[in-house]
Amino acid sequence: MKTLKNIILTVTIGLCLYAATPARAVLGETTTWYALTNLPTFVTGGATSNLFAAGTIPTNNVFSVRKDRGVSMFMQFAGTNAATTGTFSGVLAVTPDGTNWTTTSGLKQVATATGNTGVVEYTNFPPSIFNNCKKFTLGQLINGNNATNGVFPTNVWFSFSNP
C-alpha cells in the first residue's frame with residue numbers, strides 16, 4: 001500500500017511539474033529565413049528606391065513580428081565601379097496596425113560599398129524595437145553614392161525566431 005501511495009505521489013508531482021513548464025522551454029524555437037523577392041535590379045547613385053508607394057499598403061514580403069522577437073537583416077550588393085565607396089542603406093517600414101506604414105524610419109542598415117566588389121552586411125535589430133509593431137517589410141533602398149556610382153542589390157534576407 002505504501003508503494004502505491006509513493007507511485008501516485010510521484011506521478012502527481014511529475015504532472016504538476018510538466019504543467020508548470022512553459023511550452024517554449026519544452027518545444028524550443030526555430031529561426032526562419034526569408035529572402036526578399038521585390039528588390040530593384042539597380043539603384044542609381046544619390047537615389048532612393050521605394051519598394052512601395054507612400055500611402056499604400058505593401059503586399060510583397062510583409063512579415064508579422066511578435067513581442068520580444070528581434071530581427072536579423074542581411075543585405076548583399078555590389079557597386080558599378082571602383083569609385084562606388086559611399087553608403088548603401090536598407091530602411092525598414094513598420095506598422096502598428098497593418099494599415100498605417102512608416103514612410104521614413106530609424107530602422108535601417110547602413111553599409112559601405114567597396115567599389116565593384118560584392119558586400120554582405122549584417123544587422124541585428126533587438127526585440128525592444130519591434131515590441132509595438134505588428135508587421136514590417138523593407139521599405140526603401142538608399143544609395144548614398146555620387147550619381148555616376150550605382151549599386152546592384154542582389155539579396156536581402158530577414159531572419160527571426162518563431163516560438
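What follows is calculated from the coordinates using simple rules that are stated; it is not laboratory data. All figures in this text were calculated on a predicted structure; none of them were measured in a lab. Every residue, glycine among them, receives a Cβ derived from its backbone with ideal geometry; neighbour counts consider all protein chains shown.
I need THR56, THR114 ordered by Cβ neighbour count within 10 Å, fewest first. Intermediate results must be reported in sequence, preceding the final value.
On the way: THR56 8, THR114 13.
Ascending number of Cβ neighbours within 10 Å: THR56, THR114.
For the pair ASN155 and GLN76, how long in nm is the line joining their label points, each one 7 Å along Cα→Cβ?
0.3 nm
What's the Cα-based Rg to Rh of segment 76-163, Rh via Kirkwood? Show your work: numbers first, answer last.
Working: Rg = 14.6 Å, Rh = 14.1 Å.
My calculation of the ratio gives 1.03.
Pull out the extension gain between THR32 and ALA53, defined as 0.36 nm times the separation in residues minus the alpha carbon to alpha carbon distance; nm, one decimal. It would help to have the intermediate numbers written out before the result.
Values: separation 21, 0.36 × 21 = 7.56 nm, distance 2.73 nm.
The THR32-ALA53 span can extend by a further 4.8 nm.
Can you pull the one-decimal nm distance between simple spin-label points at PHE63 and THR123, each 7 Å off the Cα toward Cβ?
According to this spin-label approximation, the distance is 1.3 nm.
Fewest to most neighbouring Cβ within 10 Å: what's the order for PHE74, PHE88, PHE125? Intermediate values should be presented prior to the final figure.
Numbers: PHE74 17, PHE88 26, PHE125 20.
Ranked by crowding around the Cβ, least crowded first: PHE74, PHE125, PHE88.
Using only the Cα atoms, what convex hull volume per residue in Å³ does segment 34-107 have? Please list the in-between numbers first.
Details: hull volume 8.9 nm³, N = 74.
Convex hull volume per residue, Cα atoms: 121 Å³.
Based on the Kirkwood radius over alpha-carbon pairs, what value in µm²/s does the Stokes-Einstein equation return for the translational diffusion coefficient of segment 18-153 at 25 °C and 0.890 mPa s? List each step's numbers first, then the result.
Details: Rh = 16.2 Å.
Approximately 151 µm²/s, per Stokes-Einstein.
Please order ASP97, ASP68 by the number of other Cβ within 10 Å, starting at the fewest. Could the numbers behind the result be given before it?
Numbers: ASP97 9, ASP68 12.
Exposure proxy ranking, most exposed first: ASP97, ASP68.
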